[in-house]
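Contents: one structure, followed by commentary.
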Amino acid sequence: MPQSGVGRIRLFEDFFAEDNIANTATDRALGNFTVAGQGSEVADSGIPLLHADAISGVGVMTTTNEDNHTILVGTPVAFDVGLMGTIVAETRVRFVDLDTKEVFFGFTDIDPSVLSIETNVMTGATTTLTLTASDICGFFLSAELTDDEDWHTVYNGGTTTGETDSSELDSSDDAVAGEWQVLRLELFPNGTVSYYIDGVLIRTVTGAVSTSVDLSLILALEAKGDNIEIMHVDYLLVEANRDWTV
């Protein structure tokens with residue numbers, strides 16, 4: 001129903017404040033977002049600040065050295081595409097290396113508290129994607145895929161069946177160690193999703209997501225072995241229309 005007031009939600013984190021790796025709470029506040037994920041409560045996982053070349057604020061997302069441990073920044077399950085679209089999510093990320101890690105940026109119907117990308121959201125092997133969560137929309141990068149440095153534009157849960165052949169979803173825009181990339185998603189009220197990298201439209205998928213399932217936004221990094229994995233994040237943004245029906 002129409003209402004008078006602030007009709008647009010905008011959550012933004014510029015990583016001028018850190019999530020200390022000594023903090024062992026399961027869910028930790030970082031600005032408007034939550035730091036969580038399976039293993040994120042372990043003392044060597046968190047998001048300290050990068051000081052060397054990051055005067056605009058950069059967080060260093062850091063996992064433990066245990067397989068499938070995840071560090072994420074995100075929201076609770078709080079977004080309904082049909083009621084709150086157009087929903088926009090954007091982040092700017094950089095890697096020191098692209099080995100033994102998995103990354104997901106986007107939306108899922110899974111609560112982020114103790115989320116593991118592989119266990120709860122999705123995983124990849126050679127050219128096959130396993131879509132574990134019933135509702136997914138975002139960018140996926142995995143060292144376990146044949147095309148292991150490429151972003152993949154994944155989706156599941158809408159009127160279009162989720163694609164499981166990774167070669168059909170690669171963006172042909174590889175992540176490069178030491179270089180920043182801007183990832184952007186636009187989710188429209190009819191379930192259509194557009195994927196952008198560095199301002200360039202990569203793909204638009206009609207019916208990619210459900211128009212009625214509530215979703216959370218996450219930027220997640222997961223270790224795929226016994227190495228500590230890191231990812232630099234410059235900022236995280238999500239915008240949506242307010243649901244005036246509640």
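The values are calculated or read from the model by the stated rules, or taken from the named source; none is laboratory data. Please read these numbers as outputs of a predicted model, since none were measured by experiment. Cβ atoms come from the backbone with ideal geometry, glycine included; neighbour counts cover every protein chain shown.
Yes/no matrix, rows are residues, columns are (1) β-branched (Val, Ile, Thr); (2) free of Cβ contacts under 8 Å to residues at least 60 places away in the same chain:
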residue	(1), (2)
GLU102	no, no
PHE105	no, no
THR108	yes, no
VAL114	yes, no
ILE117	yes, no
MET122	no, yes
THR146	yes, yes
TYR155	no, yes
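The numbered conditions (1) of a type outside the set (Lys, Arg); (2) in contact with a Cys (Cβ under 7 Å, 6 or more places away or on another chain); (3) free of Cβ contacts under 8 Å to residues at least 60 places away in the same chain are all true for THR132 except (2). All of (1) at positive phi; (2) in a strand (DSSP E or B); (3) surrounded by fewer than 21 Cβ atoms within 10 Å (Cβ to Cβ) hold for GLY106 with one exception: (3).
Table: residues versus (1) surrounded by fewer than 17 Cβ atoms within 10 Å (Cβ to Cβ); (2) of a type in the set (S, T, N, Q).
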position: ALA29; (1), (2): yes, no
position: GLN38; (1), (2): no, yes
position: GLU41; (1), (2): no, no
position: GLY46; (1), (2): no, no
position: HIS51; (1), (2): yes, no
position: ILE55; (1), (2): yes, no
position: ASN65; (1), (2): yes, yes
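Where strands (runs of 3 or more DSSP E) fall entirely within region 154-246, those with at least 2 residues that are touching a Gly at 6+ places or on another chain (Cβ under 8 Å) and not β-branched (Val, Ile, Thr) are at 181-187, 214-223, 230-241. Checking each residue in region 109-147 for being surrounded by 24 or more Cβ atoms within 10 Å (Cβ to Cβ) and β-branched (Val, Ile, Thr) picks out ILE117, VAL121, ILE136.
Among the residues of region 43-59, is there at least one that is touching a Lys or Arg at 6+ places or on another chain (Cβ under 7 Å), modelled with pLDDT under 95 and not hydroxyl-bearing (Ser, Thr, Tyr)?
no
Among residues of region 60-113 being under 12 Å from the mean Cα position of the chain (by Cα) and among the hydroxyl-bearing types (Ser, Thr, Tyr), the one that is farthest from ASN190 (Cα to Cα) is THR70.
When each of SER171, SER166 is tested for being more than 17 Å from the chain's Cα centre (by Cα) and not hydrophobic (A, V, I, L, M, F, W, C), the lone residue that passes is SER166. Scanning region 12-38 for residues that are aliphatic (A, V, I, L, M) and within 19 Å of the chain's Cα centre (by Cα), we see that the one that is nearest to LEU237 (Cα to Cα) is LEU30.
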